[in-house]
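This report concerns only the one structure given below.
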Amino acid sequence: MDLRELSPTGLRRIPERNIQRGKSRWLIEIDVESAALEERWGAPEITGDDFAEYLCFAFSPVRGEAFILLRDRYHAPAPGFIVGVTKGLFSREAVDKIIEVLAIPGVSATRVNAEVVEQ
């Protein structure tokens, strides 16, 4: 995927159910407040699995690719959100682009998946 296609104007929210959990991998943890995401992108979806309920913001920057921000709704182990991405966005270059397209001042990556750091 050409990361130049990622832009705040082309980013759109999608329902969380449109991203198959087995088709995404965690890329980064980001430092961002839920309130800042809500102010910019609206209310989160609530989703869950056998372990917990999650606040969720899902996006599709270009056709066929998506990323999702997740945070445990009640007992988050750390501040911020986990960002999972589909295959075409799993790269070191996508880390900075995803943060940029969220268009929220002060957002930063606090942890990056070691697999992309080593690329």
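The values are calculated or read from the model by the stated rules, or taken from the named source; none is laboratory data. Just so we're clear, the structure is a prediction, and the values are computed from it rather than from any experiment. A quick note on method: Cβ atoms are made from the backbone with ideal geometry, for glycine too, and the neighbour counts reach across all protein chains shown. Surface accessibility is based on the protein's heavy atoms, side chains included, excluding ligands, DNA and RNA. Shrake-Rupley method; radii C 1.70, N 1.55, O 1.52, S 1.80 Å.
Residues of region 51-80 being at pLDDT 90 or above and either more than 23 Å from Arg111 (Cβ to Cβ) or among the aliphatic types (A, V, I, L, M) (or both), which ones? Listed by number, the residues that qualify are Ala52, Leu55, Ala58, Ala66, Ile68, Leu69, Leu70. Counting the residues of region 30-44 that are on the phi < 0 side of the Ramachandran plot and open to solvent by less than 40 Å² (accessible area, probe 1.4 Å) gives 7. If you go through region 10-46 and keep only what is free of Cβ contacts under 8 Å to residues at least 40 places away in the same chain and part of a strand (DSSP E or B), you end up with Glu45, Ile46.
Hey, could you check region 107-119 for residues that are open to solvent by 30 Å² or more (accessible area, probe 1.4 Å), outside any loop (DSSP other than H, G, I, E, B) and over 19 Å from Glu39 (Cβ atoms) and say which is modelled with the lowest pLDDT?
To start, the set of residues in region 107-119 that are open to solvent by 30 Å² or more (accessible area, probe 1.4 Å) comprises 108-112, 114-115, 117-119.
Keeping just the survivors that are outside any loop (DSSP other than H, G, I, E, B) gives 108-112, 114-115, 117.
Subset that is over 19 Å from Glu39 (Cβ atoms): 109-112, 114-115, 117.
Values: Ala109: 94, Thr110: 94, Arg111: 94, Val112: 96, Ala114: 94, Glu115: 93, Val117: 78.
The residue in question is Val117.
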